[in-house]
Amino acid sequence: MDLDFRVPALIPRLDPDETLARQLQATHTLDDGDRSAFDSFLSAAMDVVNETNVLQFQSDDAQMRFATGQSNDMLDVILTQQRATSALNFTVQVTNRIIEAYREIMRMQV
């Protein structure tokens, strides 16, 4: 699947002038270096999200095992909950920073 990273697709168009949109589309495409940098950033971000998801599942599993009596280790439950909470907080903070950076870029005057 070939993704299209042209600037007009990312920025909402304020002016319905098609000529301007075509010029932006022709001049603001990512080259191979930018595309590989974006792909590696996206891959790293998805790895963090997947790791956070795994930690959430582990926490849920530890809680369920403790609640059903399959495990008596309360420390394991607390540690897995703390790991999952820390990972989720980290993921949320990184997401907020990325959104903040995107908004700052959108406010820039061209």
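Tell me, which residue of region 35-72 that is open to solvent by 80 Å² or more (accessible area, probe 1.4 Å) and at pLDDT below 90 is farthest from N89 (Cα to Cα)?
F41
Just the residues that are open to solvent by 100 Å² or more (accessible area, probe 1.4 Å), within 16 Å of V49 (Cα to Cα) and hydrophobic (A, V, I, L, M, F, W, C), please, taken from region 74-110.
The answer is F90, and nothing else.
Can we say Q93 is out of contact with any Cys (no Cβ under 9 Å at 6 or more places or on another chain) and at pLDDT 90 or above?
yes
The values are calculated or read from the model by the stated rules, or taken from the named source; none is laboratory data. None of the values given here were measured: they were computed from a predicted structure. Note that we place each Cβ from the backbone using ideal geometry, even for glycine, and neighbour counts take in every protein chain shown. We work out accessible area using only protein heavy atoms, side chains counted, and drop any ligands, DNA or RNA first. Shrake-Rupley method; radii C 1.70, N 1.55, O 1.52, S 1.80 Å.
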